[in-house]
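First up is the structure itself, then whatever we jot down about it.
The values are calculated or read from the model by the stated rules, or taken from the named source; none is laboratory data. It should be emphasised that the depicted structure is a prediction, and the values quoted were computed from it without experimental measurement. FYI the Cβ positions are ideal-geometry reconstructions off the backbone, even for glycines, and counts take in every protein chain you see. These area figures cover heavy atoms from the full protein model, side chains too; ligands, DNA and RNA do not enter into them. Shrake-Rupley method; radii C 1.70, N 1.55, O 1.52, S 1.80 Å.
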Amino acid sequence: MTALTLSTAAVPGLRADAIVIGVAKGTASGSGTPVVAPGAEAVDHAYDGGLAGVLETLGASGAEGEVTKLPAPSGFKAPLVVAVGLGAQPEKDSGYAPDALRKAAGVAARALAGAKKAAFALPLTDAADAGAVAEGTLLGAYSFDAYKDKAGDAKDSKNGKNGKAPLAEAVLLGGKPRDRAYKAALERATAVAEELNRARDLINTPPNDLDPEAFAAVAQAAAKEHGIKVQVLDEKALTKGGYGGILGVGAGSASGPRLVKLSYTSSRAKKHLAFVGKGITYDSGGISLKPAGHNETMKCDMSGAAAVFAAVVAAARLGLDVNVTGWLALAENMPSGSATRPGDVLRMYSGKTVEVLNTDAEGRLVLADALWAASQEKPDAIVDVATLTGAMMLALGNRTFGIMANDDAFRTAVHEAAEEVGEPAWPMPLPEHLRKGMDSATADIANMGERMGGGLVAGLFLREFVGEGITWAHLDIAGPAFNEGGPFGYTPKGGTGTAVRTLVRLAELTASGDLA
């Protein structure tokens, strides 16, 4: 993990591999000339105030995600200046949005892979800005190379792997090393980013190495390290408890299912949040087998459980004054002679029966059991997170998750929390008329309904398993959970860890009393 430090050192005399500065898209007179952002005054001065012109000559515009490298001015200890785009220049007297700083720092950190030390001279107006830059740096520097050739090659003999090592150290200039607020901002950014990156590692781990038992073991180890109480229900305990949904989904696999409960408690807590995560460590579709082209990345179908796991550990590391319980519903969905068949009826933990019309609609089955288990503790609110439906991807694309809830005010609060931390999300309805499509002549409910609005149908199904009177929200993260394209901002290719920061923010707001 990249080391973070704060410094008030002067830029010219700082020994580093590179100086990172911000550049924005100019709006004055519509010229399109890039504007050098605050924090880079020393570099601009060394160019006699002409840095913007130099950058424009090199093709820089200040657009978000843009990186322009140029030699450092004479007299600077660092040999390189890296100008990173911040997007549109903010209005007068308003600073840069936190996510613009996160993205710029993330892009710069990724561009500086292989470097030992970089100084970030991005615009910092307060501790919150420092936290945003720190978080973006740690998330942007992420790489997953556990399965790369350890022998290395001639191109990278220093690293010992095929590829460049992440940026080793980032110095945030303009930060105040002795200021409590700045130090707290860095500590928060470090805890959240490290746990989010651990979620990314889990998502990226191949399913032959991460089955439900292995995931549960990771959770147990982290719980022991951070003082979190953990309980793991194996096949015998699930059978004894009547968890028909989780057992039914895992019935076709040689790797047995698990239900993991993580409990972080604070002696000062006045509220209790429950987070529930879908943890399908591999989803073949079961008997309703996925076709080729749709199953190659299905190791990511446990992204919801990874997000919940990371959020609970982050809450513990931050010492938040709120009780947070995480439920990881873990199973592998495979076809075999023992697998659940279309037409089978499962008796869920709640006692309700479900007719399984499609075994590839398995996530809602494991979540249903975990939601009912979470409901028995009467938390103040439940939030479930799942890569649940392709329909949500069709509706919102690959970068935005959907939010459904049984309470409009809570749905709005979740949406606002997601926006605050920079995770694109959108509120979605739960139309009552779609519920009828899940009526079953055989069971209490079917696991499929109308094809149109399939993401909303899934949300309506889950609502059936939330305890009466409990506030609940459902996050369908099918789109942004796994990035099959190129990296952007602080988002890497592969597992993204989406929803972790939203959950942590909800816990923080609940702890402070700002979330009713």
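Free of any GluC sites (Glu not before Pro) that DSSP assigns to a loop and that have at most 11 other C-beta atoms within 10 Å, the longest stretch within the chain is 92-295.
Filter the cross-link list LYS92/LYS117; LYS148/LYS290; LYS176/LYS261; LYS117/LYS299; LYS229/LYS278 down to pairs whose alpha-carbon distance in this structure exceeds 31 Å.
LYS92/LYS117; LYS176/LYS261; LYS117/LYS299
Extents of region 389-471, largest first, come to 45, 31, 16 Å (Cα atoms, principal axes, whole angstrom). The local environment of ASP439, defined by Cβ-Cβ distances under 14 Å, has a net charge of -2 under the rule Lys, Arg +1 and Asp, Glu -1.
Cβ under 10 Å from SER253's Cβ, SER253 left aside: what net charge do those residues give with Lys, Arg +1 and Asp, Glu -1? Summing Lys/Arg as +1 and Asp/Glu as -1 gives -2. For LYS25, the aspartates and glutamates whose Cα comes closer than 13 Å to its Cα, not counting residues fewer than 8 places off in the same chain, are GLU56, GLU64, GLU66, GLU91. With all pairs of different C-alpha atoms in the average, the Kirkwood value for the hydrodynamic radius of region 101-249 is 18.2 Å.
Quote the Stokes-Einstein diffusion coefficient, in whole µm² s⁻¹, for the chain, based on the Kirkwood radius over alpha carbon pairs, a temperature of 25 °C and a viscosity of 0.890 mPa s. In µm²/s, the coefficient is 103. Screening the chain for whole DSSP H helices of 24 Å or more along their axis (Cα) with average Kyte-Doolittle hydropathy at least 1.0 returns none.
Out of every Cα-Cα pair that region 333-440 contains, those further apart than 19 angstrom amount to 58 percent.
Could you give the Stokes-Einstein D for region 252-365 in µm² per second, using the C-alpha Kirkwood radius, 25 °C, 0.890 mPa s?
158 µm²/s
Counting only aspartates and glutamates at least 8 places from LYS183 when in the same chain, those with an alpha carbon closer than 16 Å to its own are ASP126, ASP129, GLU135. In the distance distribution for region 62-142, Cα-Cα pairs more than 15 Å apart total 57 percent. The alpha carbon centroids of region 407-474 and region 308-362 are separated by 16 Å. Among the trypsin sites (Lys or Arg not before Pro) within region 63-152, those in coil by DSSP and having at most 16 neighbouring Cβ atoms inside 10 Å are LYS77, LYS92, LYS116, LYS148, LYS150. For the chain, the relative contact order comes to 14 percent (Cα pairs under 8 Å, sequence separation of at least 6). Charged neighbours of ASN398, selected by a Cβ distance under 15 Å, balance to -1 (K, R count +1; D, E count -1). So if the hydrodynamic radius of region 1-148 is defined as the Kirkwood radius over C-alpha pairs, what does Stokes-Einstein give as its diffusion coefficient at 25 °C and 0.890 mPa s, in µm² per second? Translational D for this selection: 160 µm²/s. For region 197-325, the equivalent ellipsoid derived from the Cα gyration tensor has semi-axes of 28, 17, 12 Å, listed largest first. Region 173-236 and region 1-66 have Cα centres separated by 34 Å. Here region 209-258 is assigned +1 on the Cβ of each Lys and Arg and -1 on the Cβ of each Asp and Glu. Its dipole about the Cα centre then comes out at about 260 debye.
Per residue, the chain exposes 41 Å² of accessible surface when a 1.4 Å probe is rolled over the protein heavy atoms with every protein chain present. Note on region 370-516: the alpha carbon radius of gyration divided by the globular reference 2.2 N^0.38 Å gives 1.07. Think of region 190-512 as having a plus end and a minus end, set by charges on the Cβ of Lys, Arg, Asp and Glu; of GLY495, ALA214, ILE445, ALA214 sits farthest toward the positive end of this dipole. Per atom type, the chain shows carbon and sulfur on 51% of its accessible surface, probed at 1.4 Å.
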